[in-house]
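Q: Dropping the structure in here first, questions after.
The numbers here are math on the coordinates, done by the rules we state, and not lab data. Here the structure is a predicted model, which means the values were calculated and not measured. Positions of Cβ are generated from backbone atoms using ideal geometry, with glycine treated the same way; all protein chains shown enter the neighbour counts.
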Amino acid sequence: MVGRYILRFCSVVLLLVLTVAMHGQIKCKIEHYSTEDGLSHNAVTSIIKSSDGFMWFGTWDGINRFDGHNFVTYKSHPGDSSGLKSNRIDIIFDRIIPTSGEKVWLTTTNQGVFCVKSRAAASPGITRYSPGMPGGFQLRADVIKFLCAGETNNIWIGTEKGLLGLSLNEAEVYKKKYINLNNFYNQDFTCVIKDNEHI
């Protein structure tokens, strides 16, 4: 009888030792980036990866795009039309949608949409679309349900208070276009369906 308990006890101890010994970890490499590496500020508020492999960071000193080697910083400047009140980004990006013309759209949880010229330039541009923005950059709501690129350089944005269409003008800036959707004003647009000819 005592032999049975000893055998059970030894079996349990052996199983515990084997499970602890067999516990494995995923091999991963962790790298730390800071302002010394080109990040505009060490306080990072938002991180998201785009489908083309870029990492995007919202920081207390602008939006940063990282290609694995170098950072490109997008900041507002006095007098620009970016709509950023300051370079301190306290918003959280939830989706990245690349479109034609080297533009990337960053949607937020409740702060509207940002269009970023993704090419590296002397002063890369940021345009914000949100309620309270001037005319062509005004949305009906900050909560974005979907953003879809149409075939003819149109952008469709569904919000909790209606649908908005943006068209690319001669200056390569997207501005609101008039759509007669009075029956759908203040309707919650949650998704979009796209086929070969229509959205």
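Q: For the range 25-70, take the convex hull of the Cα atoms, compute a quarter of its surface area, and give me that in nm², please.
A: 3.9
Q: Now, a different point. What's the local net charge at residue 174, with K and R +1, D and E -1, over the other residues with C-beta under 14 Å away?
A: +3
Q: Under 8 Å for C-alpha pairs, at least 6 residues apart: give me the relative contact order for the range 29-80, rounded to a whole percent. It would help to have the intermediate numbers written out before the result.
A: Numbers: 81 pairs, mean separation 13.9, N = 52.
The normalised contact order for the range 29-80 reaches 27 percent.
Q: Pull up all non-local amide H partners of residue 177: gap of 5 or more, or a different chain, and H-to-H distance under 5 Å with H placed in the peptide plane.
A: Answer set, sorted by chain and number: 165, 166, 167.
Q: Which lysines, if any, have their Cα less than 27 Å from the Cα of residue 49, not counting same-chain residues under 8 positions apart?
A: Partners found: 27, 29, 75, 85, 103, 117, 145, 175, 194.
Q: Also, I was wondering about something else. Could you check the spin-label model distance between residue 167 and residue 13? Points 7 Å from the Cα along Cα→Cβ, value in nm.
A: That separation, rounded to one decimal, is 8.2 nm.
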